[in-house]
């Protein structure tokens, strides 16, 4: 019963995301994010790798690819006193994302090269699926984007990487879900 409800929730969230993305899709792709600079011309962020942020010292970045063969979880802290877009936060932290041809950076297709284009992902019917990043990823194998506001709970992001604003104390999660597992970030 729980797995059926979870599958229904994932399906509903996927449908809502498709409608949101269709409404947001425009003609020209978004430009690559640029670092935020202070009046002195210096960036106002620094990175502490392999650890989550402590309190509101910055934005915690969580990438969980454990559902993929060879995928490992990682946490990083982007130390900042200012709001930053999710796309900028990932660039500053050295986490590479790839969107899709149809939806650009509004949909995350690969994170740090995962899943590789030649990686066979087991489909529900037993066949092999290969992610091409042409349109929406398969409903059973996709990167989901999560946000946890300071002191709050994880929830699906309602915006894509280029527009999602993160405040110090917030966390951003990229979670690869395969056949409904994991259903949500755990950290």
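The values are calculated or read from the model by the stated rules, or taken from the named source; none is laboratory data. This structure is a prediction, so every number in the text was calculated from the model and none was measured. Virtual Cβ from ideal backbone geometry, glycine too; neighbours counted across all protein chains shown.
Kindly indicate whether residue 151 is more than 12 Å from the chain's Cα centre (by Cα) and closer than 19 Å to residue 50 by Cβ. When the stated conditions are applied, residue 151 does not pass them. Collect the residues in region 120-139 that are touching a strand residue (DSSP E or B) at 6+ places or on another chain (Cβ under 9 Å) and within 22 Å of residue 183 (Cβ to Cβ), keeping them in residue-number order. Answer for region 120-139, where residues must be touching a strand residue (DSSP E or B) at 6+ places or on another chain (Cβ under 9 Å) and within 22 Å of residue 183 (Cβ to Cβ): 121, 122, 123, 129, 131, 136, 137, 138.
Note on region 176-185: residues that are assigned to a loop (DSSP other than H, G, I, E, B) and farther than 13 Å from residue 60 by Cβ total 5.
Given the condition at pLDDT 90 or above, touching a strand residue (DSSP E or B) at 6+ places or on another chain (Cβ under 9 Å) and buried (at least 20 other Cβ atoms within 10 Å of the Cβ), answer yes or no: does some residue in region 44-52 qualify? Looking through region 44-52, none of the residues is at pLDDT 90 or above, touching a strand residue (DSSP E or B) at 6+ places or on another chain (Cβ under 9 Å) and buried (at least 20 other Cβ atoms within 10 Å of the Cβ).
Among the residues here, residue 173 does not qualify as in a loop (DSSP other than H, G, I, E, B) and closer than 14 Å to residue 59 by Cβ.
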